[in-house]
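To keep things clear, I will list the structure first and then write my remarks on it.
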Amino acid sequence: MAVLIQQTNTGAGIKLPIEKQLTEFGRDESCDVSLDDDLVSLRHAALEVMLTPDGSQIEYILQDQASTNHTYVNDEAISLHRLKDGDVIRIGKNHFRFEDEEKGDLAATAKLHKTWIPGVFYTKGGKKKK
């Protein structure tokens with residue numbers, strides 16, 4: 001499973017699991033990740049989860065939504081970027097580290113189940129072995 005870890009001034013990160021096919025970032029409260037930051041556009045960027053053309057891998061594509069102050073990956077302005085493990089995304093003053101625990105391996109992807117504890121998930125059975 002892939003996650004974004006929002007880096008904070010205290011050093012503790014906030015984990016944001018990527019659970020939807022499309023995740024929107026922006027200042028607007030209707031965005032999936034709403035950022036209270038004047039440097040962030042109302043609809044700033046979108047992260048889309050896609051399969052590779054052969055259907056064997058999962059890709060995470062970050063797209064800037066014509067924002068005023070741009071979206072950055074590893075300190076470079078992007079319009080469209082395929083994320084890889086360890087990339088650092090900057091939207092306004094907010095920094096997120098992208099972590100792909102399965103490195104896009106579709107066979108290793110597990111179905112997540114929510115618990116009654118906010119932000120805590122679990123899998124049933126784990127990985128199948130061949």
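The values are calculated or read from the model by the stated rules, or taken from the named source; none is laboratory data. These figures come from a predicted structure and were not determined experimentally. Please note: Cβ atoms are built from the backbone with ideal geometry, for glycine as well, and neighbour counts cover all protein chains shown. Areas reflect the complete protein model, heavy atoms only, side chains present, ligands, DNA and RNA absent. Shrake-Rupley method; radii C 1.70, N 1.55, O 1.52, S 1.80 Å.
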- In square angstrom, rounded to the nearest 10, how much accessible surface does HIS70 have for a 1.4 Å probe? 90 Å²
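Take every Cα-Cα pair in the stretch 1-101 and report what % of them are more than 18 Å apart. Don't skip to the answer; put the middle values down first.
On the way: 2150 of 5050 pairs.
The proportion of pairs with Cα distances above 18 Å equals 43 percent.
Expressed as a whole percentage, what fraction of the accessible surface of the stretch 18-92 belongs to carbon and sulfur atoms when a 1.4 Å probe is rolled over the protein heavy atoms?
On the way: 1910 of 4310 Å².
Its accessible area is 44 percent carbon and sulfur atoms.
Which net charge results when you count Lys and Arg as +1 and Asp and Glu as -1 among the other residues whose beta-carbon is under 12 Å from that of LYS20?
Values: positive: none; negative: GLU19, GLU24, ASP32, GLU48.
Spelling it out: positives minus negatives among the neighbours equals -4.
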- Once the whole set of protein chains is in place, how much accessible area is left on LEU22, using a 1.4 Å probe, in Å² to the nearest 10? 80 Å²
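Could you give the accessible area per residue of the stretch 38-97, probe 1.4 Å, as a whole number in Å²? Walk me through the intermediate numbers first.
Details: 3390 Å² over 60 residues.
Accessible surface, normalised per residue, equals 56 Å².
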- Note on the structure: Taking Lys and Arg as +1 and Asp and Glu as -1, residues besides ARG90 with C-beta under 13 Å from its C-beta add up to -3
- How much accessible area does ARG27 have with a 1.4 Å probe, in Å² rounded to the nearest 10? 90 Å²
